[in-house]
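The values are calculated or read from the model by the stated rules, or taken from the named source; none is laboratory data. Source: prediction; values computed, not measured. Virtual Cβ from ideal backbone geometry, glycine too; neighbours counted across all protein chains shown. For accessibility, only protein heavy atoms count, side chains too; no ligands or nucleic acids. Shrake-Rupley method; radii C 1.70, N 1.55, O 1.52, S 1.80 Å.
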Amino acid sequence: MLTKLGQKFTDGFTKYMPSAYVFALLLTILTGILALAFTESEPMDILAGWYNGFWDLLAFGMQIVLIIITAYCIAQSSPVKKGIDYISKYIKTPTQVYVIIIALGALLSLISFGMVVVTAILGRELALRIKGIHYPFLVACVYFSFNGWVCGLSSSIALLLNTKNNFLIQKGILNATISTSYSLGSTLNTVMILLFVVLSPILIWLLIPKSHEGKELKDLQTSTDDEESSVKEEAHSYKLPYKALSDSLNNAGWLQITVAILGLIYIIYHFTTKGFDLNFNIMIFIFFVAGMFLHMTPMRYSIAMKRASSNISGVLFQYPFYAGIMGIMLASGLGEKISHVLVSIATPESYAFIAYVTGGVINFAIPSAGGEFAVIGPSIINMVKGLGSPAEVTAMTARASMAVAYGESLSNLLQPFFLLIVFPVMGKGIKIQARDVVGYLFIPFVVLFVIQALLVTYLPL
């Protein structure tokens, strides 16, 4: 019954849901209309906010590009491919692939949401090796697997609350930082982690499509890039038929390894002096250095990078549109107005649920946890201040803030923005769009929404 119901939702999304880019265009127009209708902003103010916001995610967009190509570059190395071949020997069936991808992806996401690229690479490679895999469903599994990143080490809202002199303290909204023991270390967050690591694989198992006919990777491929020569073979093909200094330098392992060792020294220094400070920049740097070690020579590394960079157009041109939507929300005050409306109905019993719903709703216009919290965080925290005693406010603030994070993350299942991270890897050489994937995630969205709503509302502090 669940499989049939899931297929109906999938068929509906396939019929009515546009591509991620069209989704962004429609959302841009809708946000502009809402800003005109419900705020006092002038049309040119809204347009100016849209234009100015267009550039606000450039640094973040570049980080996403680098996390994709550096991770994919690592995956093309001989040691990693041999490792995947070894793992494949013990994974025999499509069901095992789906369940392992969900569980492993959930664990990796606790390190960073950027680790979804690693999960996507593993999923792609397993789809090439194991027959009978329903590929769009597997893409949905990979995308679903990173949902728990807000519970882990890169949870941006939790880290913000624990950052000295953050913008909330500067504005007088918070008096002091809030330790991650109240957020990431809470009972609520521990239960959420179990939800993603244990329950999600079971849920996906119940929804596995009955038929994979016409949906395997080989059925969807429009090119055979996966069968191209190895990086090592291509590097060898560039060599001249006679000895040349240029070839010696291009294939100088000592040169690349020397620089990689310098990078490794800094990585050790970083974690020795700053503790387990795993941010986007250091993670990308680790991937850079790991790729240099694994590919050994400058020529091999350059070829791997070229291949990894071949399918990132979606990230490059769609991120600015979502940043523009965020600019409209900020410039017009629409995001703050929406949060105020929701906050106005909050009670000591419902505040966490209100925060949870707010996080999910605003995420459709501002698909960035940090950017979203900059808009609605002050309203959420001020709401909590008026509901609890001084002794309870810190824990309640952490709970409400994490509720925003949980809502923001869950609504990504229906918001195709972060599919832009998965598609460069799993969509390479095939015809696939958001509508082919998101339908499989509707039932998981509903189930997790009910469970998470109950947890954030009723689980004791």
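Taking amide H as placed 1.01 Å from N in the peptide plane, Ile430 has its amide H under 5 Å from the amide H of Thr222, each at least 5 places away in sequence or on another chain.
Each part gets one Cα centre, and for the stretch 116-155 versus the stretch 378-420 those centres are 26 Å apart. The apolar share of the surface of the stretch 304-461, taken as the fraction of accessible area on carbon and sulfur atoms (1.4 Å probe, ligands and nucleic acids excluded), comes to 67 percent. Can you pull out the GluC sites (Glu not before Pro) in the stretch 125-221 whose DSSP state is coil and whose Cβ has at most 15 other Cβ atoms within 10 Å? Those that pass, being in a loop and sparsely packed, are Glu213. Taking the square roots of five times each eigenvalue of the Cα gyration tensor of the stretch 258-344, the equivalent ellipsoid has semi-axes of 39, 22, 8 Å, listed largest first. The mean accessible area for residues of the stretch 101-215, using a 1.4 Å probe and ignoring ligands and nucleic acids, is 37 Å² per residue.
Would you kindly calculate the translational diffusion coefficient of the chain, applying Stokes-Einstein with the Kirkwood radius from alpha carbon pairs, for 37 °C and a viscosity of 0.692 mPa s, and quote it in µm² s⁻¹ without decimals? Don't skip to the answer; put the middle values down first.
On the way: Rh = 23.4 Å.
Result for D is 140 µm²/s.
Compared with the rule-of-thumb size 2.2 N^0.38 Å for a compact globular protein, the stretch 275-420 has a Cα radius of gyration ratio of 1.36. Considering all C-alpha pairs of the stretch 368-433, those separated by over 19 Å amount to 49%. For the stretch 146-162, 3J(HN,Hα) computed residue by residue from phi via the Karplus equation (6.51, -1.76, 1.60; θ = phi - 60°) reads 8, 4, x, 4, 5, 8, x, 6, 9, 4, 5, 5, 4, 5, 4, 4, 9 Hz, glycine and proline entered as x.
Accessible surface calculations at 1.4 Å, restricted to protein heavy atoms, place the stretch 394-461 at 26 Å² per residue.
Starting from one equal scatterer on each C-alpha and no solvent at all, send me the Debye-based log10 I(q)/I(0) for the stretch 168-223 at q = 0.14, 0.24, 0.29, 0.30 Å⁻¹, two decimals. Those come out to -0.67, -0.95, -1.04, -1.06, one per q.
Taking only protein heavy atoms and a 1.4 Å probe, the accessible area of the stretch 54-161 is 72% carbon and sulfur. Rounded to the nearest Hz, the phi-derived 3J(HN,Hα) couplings of the stretch 342-352 under the Karplus curve 6.51 cos²θ - 1.76 cosθ + 1.60 (θ = phi - 60°) are 5, 5, 5, 9, 6, 10, x, 8, 10, 4, 5, where x marks glycine and proline. Normalising the Debye intensity of the stretch 159-280 to I(0), with uniform scatterers on Cα atoms only, and taking log10 at q = 0.11, 0.18, 0.19, 0.22 Å⁻¹ returns -0.93, -1.06, -1.10, -1.26. Expressed in units of 2.2 N^0.38 Å, where N is the residue count, the Cα radius of gyration of the stretch 35-81 is 2.06.
Applying the Karplus relation 6.51 cos²θ - 1.76 cosθ + 1.60 with θ = phi - 60° to the stretch 122-128 yields 3J(HN,Hα) values of 4, x, 4, 5, 5, 5, 6 Hz, where x marks Gly and Pro. Three principal axis extents describe the C-alpha atoms of the stretch 1-142; from largest down they are 62, 41, 23 Å.
Of all lysines in the structure, those lying under 30 Å Cα to Cα from Lys92, and not within fewer than 8 positions of it along the same chain, are Lys4, Lys8, Lys81, Lys82, Lys131, Lys210, Lys215, Lys218, Lys232, Lys428, Lys431.
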